[in-house]
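J.: Shown below is the structure under consideration.
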Amino acid sequence: MTYHPGQRVRVADRAHDGHHRTPGYVKGKTGTVERAYASFTNPETRAYGDDGLPQQPLYLVGFAQRDVWPDYPGASRDRIYLDLFEHWLEDAE
Amino acid sequence: MSEHEHDHPHDPIGNGDEPPAAARARALELLLIEKGAISRDDVRKRIDWLVSRSPADGARLVARAWVDRDFRQRLLSDARSAALELGLDPGPSPVVVAVENTDDVHHMVVCTLCSCYPRALLGPPPAWYKSLPYRSRAVSDPRGVLDEFGVELGDDVELRVLDSTADIRYLVMPRRPAGTEGMSEDELAALITRDSMIGVAQPAAPAPIG
């Protein structure tokens, strides 16, 4: 696991041709690692019948809602969390 | 071969009111069986397993956590082990995470990419959970969604939305309602609704003592 809880990370802002589990709404956004889970098979290859190996580290990453949605209608303290694979994260510190 | 070389008109073969997506799923299932990737038995067993699950299992976990401080800690640190401890099936996901609602923090769960859900502990997800309006608005306007479900949060409460985009399954541990101090674990479990464990409702209020 490259990143640790509390670390600031940016989600890669790149297109991906094919199945992937990084929603467009967080691409390019900066958040904080909340939990470093473990490694899991890669859905980007597993979706096409491959074994999904090598496994990829998975993190829970939290974002301020107002960083994700500039016009977010809720409270400024509200947050949103996603499970993101390491190869979609960049060090933002 | 072009589509209609033969000379008589006909309607396409359908299956009553079956929606196109269901027809597509059925066709895929038949193909996978034909190719030997899965068997009819596999499909039946999975369906039987899924419909045998219910929110009563999740409610047992939460009720125990409400009455047992040590169990609550174990549930929050490893929900999978906590479920096994009560003899419950936590499902195939290797990591199940319980998140606790408090006076200051409220969690709600969505899967924007499909319909990931702790099925082993809550049963099949409700249709609205899989619907596009919930999946899109739960992330961009979650307070608006909660308002529609009848949950009003003060601005001093931090709302945390969990978008379960990968292998982890999330279960919300709702706040224990006031006025339930003397209730047994089974009575408490009856207050813990499915929706309260998704985070779009508070637990049911205890019936007034008559």
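The values are calculated or read from the model by the stated rules, or taken from the named source; none is laboratory data. Since the model is a prediction, treat every value here as computed from it, not as a measurement. Every residue, glycine as well, gets a Cβ built from its backbone with ideal geometry; the counts of neighbours run over all protein chains shown.
J.: Can you spot a residue in segment A:16-37 that is modelled with pLDDT of 95 or more, of a type outside the set (D, E, K, R), outside any loop (DSSP other than H, G, I, E, B) and farther than 25 Å from B:Glu158 by Cα?
T.: Checking segment A:16-37: not a single residue is modelled with pLDDT of 95 or more, of a type outside the set (D, E, K, R), outside any loop (DSSP other than H, G, I, E, B) and farther than 25 Å from B:Glu158 by Cα.
J.: Determine the pairs where a residue that is without any contact (Cβ under 8 Å) to a residue 60 or more places away in the chain, located within segment B:160-189, has a partner that is part of a strand (DSSP E or B) and not hydrophobic (A, V, I, L, M, F, W, C) with Cβ atoms under 6 Å apart, the partner being 6 or more residues away or on another chain.
T.: B:Ser164/B:Tyr170; B:Thr165/A:Asp83; B:Ala166/A:Asp83
J.: Further, regarding this structure: If the requirement is being touching a helix residue (DSSP H, G or I) at 6+ places or on another chain (Cβ under 8 Å) and either part of a loop (DSSP other than H, G, I, E, B) or modelled with pLDDT of 95 or more (or both), which of these qualifies: B:Asp186, B:Asp147, B:Asp195?
T.: Matching residue, one of B:Asp186, B:Asp147, B:Asp195: B:Asp186.
J.: If you don't mind, there's one more thing I want to ask. Of all residues in segment B:125-150, which are crowded, with 19+ Cβ neighbours inside 10 Å and aliphatic (A, V, I, L, M)?
T.: Those that are crowded, with 19+ Cβ neighbours inside 10 Å and aliphatic (A, V, I, L, M): B:Ala138, B:Val139, B:Val145, B:Leu146.
J.: Out of segment A:76-93, which residues are under 18 Å from B:Val109 (Cα atoms) and over 8 Å from the mean Cα position of the chain (by Cα)?
T.: A:Arg77, A:Asp78, A:Arg79, A:Ile80, A:Tyr81
J.: Which condition number does B:Asp103 fail, the rest of (1) assigned to a loop (DSSP other than H, G, I, E, B); (2) more than 10 Å from chain A (Cβ to nearest Cβ); (3) surrounded by 18 or more Cβ atoms within 10 Å (Cβ to Cβ) being met?
T.: (3)
J.: From A:Phe63, A:Phe40, which residue is in contact with an Asp or Glu (Cβ under 9 Å, 6 or more places away or on another chain) and either over 15 Å from B:Thr112 (Cβ atoms) or modelled with pLDDT of 95 or more (or both)?
T.: The unique qualifying residue is A:Phe40.
J.: Any idea which of (1) away from every other protein chain (no Cβ under 11 Å); (2) of a type in the set (Asp, Glu); (3) under 23 Å from A:Arg79 (Cβ atoms) is the one A:Glu34 doesn't satisfy?
T.: With respect to (1) away from every other protein chain (no Cβ under 11 Å); (2) of a type in the set (Asp, Glu); (3) under 23 Å from A:Arg79 (Cβ atoms), A:Glu34 is out only on (1).
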